[in-house]
Amino acid sequence: MDTIFALASARGRAGVSVIRLSGAASHMAVQNLTRLPLPESHRAAVRRLYSGNEVLDEALVLLFDAGRSFTGEPVAELQVHGSVAVVSAILRVLGDIPGVRLAEAGEFTRRALENGQLDLVQVEGLSDLIEAETEAQRRQALRVFSGHIGRKVQGWHDRLLRAAALLEATIDFVDEDVPVDVTPEVRQILSGLLVEFRSEVAGSSAAERIRDGFEVAIIGAPNAGKSTLLNALAGRDAAITSDVAGTTRDVIEVRMDLRGLPVTLLDTAGLREAEDKVEAIGISRAVERAARADLRVFLLSEPDEVFALQPLEDDLVVLGKADLRQDDTLFSVSGTTGVGIDRLVVEIGDRLQKLSSNASTLVRERHRRAVLVAIRGLESAEAELWMGAGRIELAAEALREAIRALDSLVGKIGVEDVLGEIFANFCIGK
């Protein structure tokens, strides 16, 4: 394979920039730049980098041997001064070395996958870790990147192989007396795995929400103070506020970090009998989007106000414009003065933390679909086993289907169709 190189740190001026090379010629390419080999006794040294007789920069050079690097190949890293001119000059010189070329997007990580340094789920975890904006996203992505899912899948895989081997043995010795009936042990393995698989699927929605973000919709009548409340929660003027009822015609979204969780606040059109066609469309969108949200905050204009959309068990119901009221018996907030805002943030955070506490290890829809296929295989195998010894071969084939589904989850088989999409999200130096 070609030796590849790229800027691994962010573009633009910085104190230090990192240029990474990977491939058989990476150490040779660095030696061409430094004109001095690194001593075998250590793999790091400060060296001047040359282009002909011209000194380009003074860099910290790090060398990693094959099998002991991120990609599994010989790797070199140059930590150089983060000047745009310095980085450009070094990249230009590297590009002139025969057999060395600029890396494509995600190519370093793809080589790590192909060389067995990472499985497919770890690659996705690395992508999520790079994109993480909140503490919850960081923790979840790091857990995936560290191989947590792969280890769990391997455990499932081993148990399924045990069950399949028992059935295959029965098939192989069908004309002989098998001293032990294996079906009770196989059924026990399958029932245990089905419980775990269904639990994982049930918690996959919460895991995806941590990755993609929770949605919290603010619902209320026109001029109830929804936009003012949204601005107060966001800490900026994200929505237009006015005394004129019906100002908000479409759903306004504001993304924020709320107690470590990614949250998108939705300011929706006021719920009432629409006075014109455009407002009616806005109200229809508000109801539809609010129904899909993970949590709704009902902002009342009056204590006894009733809406067509009814609150669910974990939804919040608060009284708006607290600065204009004397009654403090109800939980009330004011986006204008900030009264009750801190409490509202705590209440929203508590409810979203409760939702996220049920998160499974399946953080993407691809993971969930693979486990659903495995569930169907196990359910089919169970059904075949209950129908008698004559159906053992069909049960074994159903187990093989489940094993293939798990293999596809971690990238052992059938993943070419998803690789392009995954690596398209990586930067050039990753």
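Ranked highest first by the average count of other Cβ atoms within 10 Å around their residues, in what order do 7-15, 343-351 fall? Mind dumping the intermediate values first?
Details: 7-15: 14.0, 343-351: 15.9.
Put in order of decreasing packing, that is 343-351, 7-15.
To the nearest 0.05, how large is the calculated FRET efficiency for residue 307 and residue 114 if R₀ is 60 Å and r is the Cβ-Cβ distance?
My answer for the efficiency is 0.60.
Under unit Cβ charges (Lys, Arg +1; Asp, Glu -1), what dipole magnitude, rounded to 20 debye, does the range 90-196 have relative to its Cα centre?
720 debye
Suppose each label sits 7 Å from its Cα in the direction of the beta carbon; what would the residue 342-residue 138 distance come out to in nanometres?
Roughly 2.5 nm, to one decimal.
When ranked by the protection proxy of mean other Cβ atoms within 10 Å per residue, highest first, what sequence do the peptides 368-375, 146-153 form?
368-375, 146-153
Note the full-extension length gain between residue 194 and residue 60 as 0.36 nm times their separation in residues minus their Cα-Cα distance, in nm to one decimal.
43.0 nm
Treat each spin label as a single point 7 Å out from the Cα along the C-beta direction, and report the residue 50 to residue 13 distance in nm.
Modelled inter-label distance: 3.1 nm.
Which whole-percent values make up P(r) of the range 124-218 when all C-alpha to C-alpha distances are grouped in 10 Å steps starting at zero?
Bins of 10 Å from zero give 14, 31, 23, 16, 11, 5, 1 percent of pairs.
Going by average Cβ neighbours within 10 Å, how do the peptides 331-340, 157-166, 68-77, 117-126 rank, with the highest at the top?
Highest mean packing first, the order is 117-126, 68-77, 331-340, 157-166.
Rule-based calculations on the coordinates, nothing more; no lab input. Remember, predicted model here, so these are calculated numbers, not experimental data. Virtual Cβ from ideal backbone geometry, glycine too; neighbours counted across all protein chains shown.
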